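Reviewing the structure listed below.
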Amino acid sequence: MTARKPPAATRPSRKPALAKIGRPESAPGSTSDLAPSTPLSAGTQAPDFKLPSTPDQSVALSDFRGQPVILAFYPADWSPVCGDQLALYNEVLSEFQRHGAELVGISVDGPWSHVAFAEHRHLHFPLLADFEPKGAVARRYGVYSGGHGHSGRALFVIDGKGMIHWSHLSPIGVNPGADGILAALESLSSAASDLEHRPGTTAIDADSARPATVATPRAPRSSRPATTPRERLS
Amino acid sequence: MSPLTPPVSSHDHIHGDASAAVTLVEYGDYECPYCGKAHPLVKALQRHFGKRMRFVFRNFPLTQVHQHAEHAAEAAEAAEAAGQFWPMHDVIFEHQAALDDSDLVRYAEGLGLPGAVIVDALAGQKHASRIRQDFLSGVRSGVNGTPSFFINGQKYEGEYDLASMTEAIEAEMTIGHR
């Protein structure tokens, strides 16, 4: 656990560091994009996928139909961050569940790595292996960082009908916290309860009846200084 | 950027004067090594600013990563009843390597508290709800790791060293006096 400054190139900045190389950035989702720049936005149907959660089990997005699901794309298991994003979400899980939401983490690590990592950090939610073909799901969500060879740090809150309600891409070294997720889940819940109180509408219609524009997009926290202690902690 | 939610109130552990120009809030975990390192830093800031700054501590235990964090927070909260929150807070941060239940009881007894107060609090998780409230207020306020600081309600994003934090607090005082 050494506290040292990461090299400047790895520090989060307003622009993806690798874009400075000057190679043209291709469309998100292609195999050559250098840095994730355009996550799928609110109002888009979330692409379905099925990924291994353990060496012999898989999880599909469609398994969660009927309830909100939070996708947390993250760069890698074992990354040396003390105020770790997944450790934080692990502690906030019961709040997510209060909104009926399930959380899954997704990275390009293989299922054996996920199993060991989840056990080591006592994580109580599934980690999915976007391992083969590498990063395919992250690419479809527009959050793969080709320059790094792993997913960017991105969050999606998807409603019970499989529609993206909120998305957020964080600079790779910046833990986005959980406040944005909670705000998105609350806006989903309140949209649902508004409709519950309208005659002739049922709560189950809430997601489709309310366009995803109810989501309040949050400004990316790219304005924070390059290094805060927690980002370089292990 | 999320401001501190809820704002500091009498519900909080407040060290210092209500008339202080600046309120420094820390979200911390008693077992987090970086909170341990920040502890003398906070002390130095308190010495430097004296009555011009008050300090507030809110719990942010990462219980799945730090197995002693929750009980340490319970013990500090239990000491509050005897008006010994801050002494207990200090002794815990000064002994982060030894935070078993028996250690916590020993520290409380060292402050003149009956050990039973701590034993009961730990067994009954008497302060669990308050600790969770602190934690969730931190999540709401954009805390993403420990320690996290807020200066007059705004999240401090600078370096965690005496010069940087002193400068940020001075700047806040200047704004306050404009």
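Among B:76, B:50, B:112, which residue has its Cα furthest toward the positive end of the charge dipole of chain B, with +1 on Lys/Arg Cβ and -1 on Asp/Glu Cβ?
Of the candidates, B:50 comes out farthest on the positive side.
Take peptide B:147-158, look around each residue's Cβ out to 10 angstrom, count Cβ atoms belonging to other protein chains, and average those counts.
Averaged over the peptide's residues, the number is 2.
Can you compute the equivalent ellipsoid semi-axes for chain B, i.e. the square root of 5 times each eigenvalue of the Cα gyration tensor, sorted largest first and rounded to whole Å?
27, 16, 15
Expected output is a single nm value to one decimal: the length gained when fully extending between residue B:46 and residue B:154, i.e. 0.36 nm times separation in residues minus the C-alpha distance. What is it?
Going from the current span to full extension adds 37.0 nm.
What size of dipole, in debye to the nearest 20, comes out for the stretch B:7-91 about its Cα centre when the only charges are +1 on Lys and Arg C-beta atoms and -1 on Asp and Glu C-beta atoms?
Around 540 debye, computed over the stretch B:7-91.
Specify which residue in the list A:125, A:142, A:70 is farthest towards the positive end of the charge dipole of the stretch A:68-183, using unit charges on the beta carbon of Lys, Arg (+1) and Asp, Glu (-1), about the Cα centre.
It is A:142.
To the nearest 10 degrees, how steeply does helix B:162-177 sit against the main Cα axis of chain B, on a 0 to 90 scale?
So the inclination is approximately 60 degrees.
For the stretch A:40-215, take N as its residue count and report Rg(C-alpha) divided by 2.2 N^0.38 Å.
Ratio of Cα Rg to 2.2 N^0.38 Å: 1.01.
Is the shape of the stretch B:92-138 best called rounded, prolate or oblate, per the rule: a/c under 1.5 gives rounded, else a/b larger than b/c gives prolate, else oblate, with a ≥ b ≥ c the square roots of the Cα gyration tensor eigenvalues?
Note, shape of the stretch B:92-138 comes out oblate.
For helix B:101-110, report the angle its Cα long axis makes with the longest principal axis of the Cα atoms of chain B; keep it between 0 and 90° and round to the nearest 10°.
Tilt relative to chain B: about 70 degrees.
Provide the gained length on full extension for the span residue A:45 to residue A:98, in nm with one decimal, where the gain is 0.36 nm per separating residue minus the Cα-Cα distance.
In short, 16.7 nm is gained.
Anything over 30 Å Cα to Cα? Flag those among B:43/B:126; B:51/B:126; B:51/B:155; B:37/B:155; B:43/B:155; A:134/B:155, in the order listed.
B:51/B:126; A:134/B:155
Using a Förster distance of 41 angstrom, determine the FRET efficiency expected from the C-beta separation of residue B:133 and residue B:161, and round it to 0.05.
After rounding to 0.05, the efficiency reads 0.85.
Could you work out how far the C-alpha centroid of the stretch A:141-172 sits from that of the stretch A:63-127, in angstrom?
Their Cα centres are 14 Å away from one another.
Listed highest first by mean packing, meaning other Cβ atoms within 10 Å per residue, what order do B:144-150, A:104-110 come in?
B:144-150, A:104-110
With the Cα gyration tensor of the stretch A:60-129 giving a ≥ b ≥ c as the square roots of its eigenvalues, does the rule (a/c under 1.5 for rounded; else a/b larger than b/c for prolate; else oblate) give rounded, prolate or oblate?
Oblate, since a/c reaches 1.5 and b/c is not below a/b.
Pull up all non-local amide H partners of residue A:44: gap of 5 or more, or a different chain, and H-to-H distance under 5 Å with H placed in the peptide plane.
When sequence neighbours closer than 5 places are left aside, the close amide H contacts are A:164.
Could you size up the charge dipole of the stretch A:40-215 around its Cα centre, putting +1 on the beta carbon of Lys and Arg and -1 on that of Asp and Glu, and report it in debye to the nearest 20?
In total the dipole reaches around 400 debye.
Average partner chain C-beta neighbours within 10 Å, per residue of A:182-189?
1
For n ≥ 4 DSSP H runs only, could you compute -39500 (n - 2.57) per run for chain B, divide by its residues and tell me the 222 nm figure to the nearest 500?
One gets -15500 deg cm²/dmol as the mean residue ellipticity at 222 nm.
Please work out whether the stretch A:105-178 counts as rounded, prolate or oblate from its C-alpha gyration tensor, where a ≥ b ≥ c are the square roots of the eigenvalues and a/c under 1.5 means rounded, while otherwise a/b larger than b/c means prolate and anything else oblate?
rounded
Charges at C-beta only: +1 for Lys and Arg, -1 for Asp and Glu. How large is the resulting dipole of the stretch A:79-180 about its Cα centre, in Debye rounded to 20?
300 debye
Mind checking the angle between helix B:69-80 and chain B's longest principal axis? C-alpha axes, 0 to 90 degrees, to the nearest 10.
90 degrees
Readers should treat all values here as calculations from the given coordinates under stated rules, not as data from a laboratory. Since the model is a prediction, treat every value here as computed from it, not as a measurement. Every residue, glycine as well, gets a Cβ built from its backbone with ideal geometry; the counts of neighbours run over all protein chains shown.
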